[in-house]
Amino acid sequence: MIKQSLDNLLAACPDMKLTRLSIAVLLLGLAVINPAVADTGNDVIGDEAEARATARDRLLYREALFHHYTNDDLGTLTLLENQHMGSNHIANRFHNLNHILAIEAGSRYGMHVANKDIAEHLAFTVREKDVLQRARLYEGRVAYEAGRYTEALKKINESLDSLDRVGLDEAYYLIARCYIHQKRPSDAGRALGKVTEGTFWAAYGYYNLAVYYGENDPDVNRALISFRVAAAMTPNTEEGLELKDRIYLSAGHLALMAEQHDKALAFLQNVRADGASAAAGIYDYGLAFAGLKRYRVAIQAWHRAKKFALVVPGVAEAFQAIAYGYEQEGLRATSIDAYLEAVSVYDKEMRHTSEIRKSLLADGMLAVLDKARKQHNEAAWFLATDLVTNTPTVAFVNFLMSDDEFYDLAKTLLQLDDMRTFSRSALERLDIYEQALNKKAADVKRARSDRKALLKTSNLNAVIARRNELAPDLKSASISLVAELEYVDRILVQARQEFVSLRKQIAAAESGFSDLQGRISTLRDRYSAALQRSDTVIAEYEGLLAKRGDELLQRHYDNIEDFYLRSQLSLVNLYDDLAIDELEKMQADKMRTEREAEAQ
């Protein structure tokens, strides 16, 4: 049954079998094609002075975009924090775009306070209206996520004038979500009508509207129509096909609960057989046929779910449903075999779940997540179509990630681990830089020793003294020699100035190397302290995550144990029925034999 809607693109609907982590990757894909942060190369730069003023920020913007596009948000923030400089906040467009990029990257780390400060700063300094409207859209997004829907509507409506097309799509999507939360579905529908067709914003918008109707409208037809529109709006990308499976699954499940079995079949047959929603779709597909009393076809469908891991919704139910279907068809012996298979599978799953729980508590959740991530090296390892049929570890991680609390903890833990890795990498780079600096300092020291020998004050003074000795004789000589003396005087003055300058440069070089070594030592202390803090916080989060993961695995264990016990009970009942039938048959044969004997 549909229990909750997709709150926004960063939240998920677990009841629809769509993990929050998969949506996060979906959003990352959207960010890459978002022209709000893309450098199209079409920005007009004015005169030469303005070009020089923006050159540094434009180069920084492009470098930060690279980190952003590769989902390295920590690298993006670090780059912008350390080098975000510009000569003019008002006229420098790229400086302001860097602010917007910092907001987008920071929002993925929950840095709402810092982002709010940046947005307020832009409100006072930005001349470009599109940049200002983007900042206002972010303020509206924060208000929406905080549940302040009236304020969110006000902020978002103020941002509509100069937003680009993608910005407008996000804005109208958020407006529709606010209206849905305010129980104004008609207004939400009108807002969604302004979103570009064939985009994720439109698909998720109509999906949310369908879920709202499914929860609040006694007539399921409005919800089913909205689901159809959502499916039609979904892009034909890998993520889009994944989303479309969820849409068809949700629509089919809703029709099934309303006992509209034919409509349920029409939706469910569109769920891909190799997608992550396949198992749940197969189970509901079989239920729809069972509702039509077509148990043989239902059994054929349920058999297809047996290849998936039992943590996947619909798989454990399918094993028991197969036996039930045979029982309804009057095939008791076959039903007993199916129940025996189910009992065996459930028993194996309980033992395997216990092993996973022990591994989780022994190795820590970070090791389990890292193992699962390494098994799928691609960016969207948890969206792989062979996910649930692959290794059990990945299947269990996918199961755990469908829980909101576990997902939030896991996301924070992975971000902390990325920060710790970044600090370790920084320490390694500092070591390399220090080695290179020490080598350079040694080379300079050797060269400086040679130069110091030449730059002794006594050498210059000796030349000047010799000039003074010759000066009286030269002044009484020819005019040409006097001119030569004046030339020598000029050379000596220049040599004295260069002499003093070189001595200052040598002294500065000595202190410069010392300063750099001091800064390296300070940075090493800071990164080492950050590593210690990271280790402490990560250990705390690992404990919380392990506790939550153990609770979820225990819940799965209890669920499988319930199937195990019910299957055994069904077996006992079937054996009892067979025994009674056999007893009745024996009694009937005995009575028939007695009657035949009496007749003779």
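For this structure, a couple of remarks:
- Looking across A309, A280, one residue alone is under 28 Å from the mean Cα position of the chain (by Cα) and surrounded by fewer than 24 Cβ atoms within 10 Å (Cβ to Cβ). It is A309.
- Region 122-160 - residue that is open to solvent by less than 30 Å² (accessible area, probe 1.4 Å) and within 19 Å of I180 (Cβ to Cβ) and, of those, farthest from the chain's Cα centre (by Cα): L153
- Verdict on Y324 being touching a Leu at 6+ places or on another chain (Cβ under 8 Å), assigned to a helix (DSSP H, G or I) and hydroxyl-bearing (S, T, Y): no
- Exactly one residue out of E584, E561, E551, E542 is modelled with pLDDT under 85 and either hydrophobic (A, V, I, L, M, F, W, C) or part of a helix (DSSP H, G or I) (or both): that is E584.
- Residue in region 124-145 that is more than 27 Å from D57 (Cβ to Cβ) and not hydroxyl-bearing (S, T, Y) present: yes
- The residues in region 256-278 that are of a type in the set (S, T, N, Q) and touching a residue at least 60 places away in the same chain (Cβ under 8 Å) can be counted, and the count is 1.
- Taken together, Q587, Q554, Q568 contain a single residue that is in contact (Cβ under 8 Å) with a residue 40 or more places away in the chain, farther than 18 Å from V397 by Cα and not small (G, A, S), which is Q568.
- Candidates A210, A203, A223, A278: the one that is closer than 27 Å to R304 by Cα and either in contact with a Phe, Trp or Tyr (Cβ under 9 Å, 6 or more places away or on another chain) or not charged (D, E, K, R) (or both) is A278.
- Flag if A176 is crowded, with 20+ Cβ neighbours inside 10 Å and either more than 26 Å from N98 (Cα to Cα) or not small (G, A, S) (or both): yes
- Positions within region 182-204 being open to solvent by 50 Å² or more (accessible area, probe 1.4 Å), in a helix (DSSP H, G or I) and closer than 18 Å to M233 by Cα, in sequence order: R190
- Residue that is farthest from the chain's Cα centre (by Cα), among those in region 509-558 that are charged (D, E, K, R) and closer than 15 Å to R429 by Cβ: R519
- Sole exception among (1) aliphatic (A, V, I, L, M); (2) touching a residue at least 40 places away in the same chain (Cβ under 8 Å); (3) assigned to a helix (DSSP H, G or I) for A309, by number: (3)
- Filtered by the rule that a residue be open to solvent by 70 Å² or more (accessible area, probe 1.4 Å) and among the aliphatic types (A, V, I, L, M), region 334-375 gives L340, L361, A362.
- Residues that are more than 30 Å from V397 (Cα to Cα) and not in a helix (DSSP H, G or I) occur at least once in region 591-600.
- In summary, helices (runs of 4 or more DSSP H) completely within region 109-181 and bearing 3 or more residues that are closer than 18 Å to L209 by Cβ and not β-branched (V, I, T) occur at 149-158, 165-181.
The values are calculated or read from the model by the stated rules, or taken from the named source; none is laboratory data. Owing to the predicted nature of the structure, the values given are computational and were not obtained by experimental measurement. Don't worry about glycine lacking a Cβ; one is built from the backbone with ideal geometry, like all the others, and counts go over all protein chains shown. Only protein heavy atoms, including side chains, enter the accessible area calculation; ligands, DNA and RNA are left aside. Shrake-Rupley method; radii C 1.70, N 1.55, O 1.52, S 1.80 Å.
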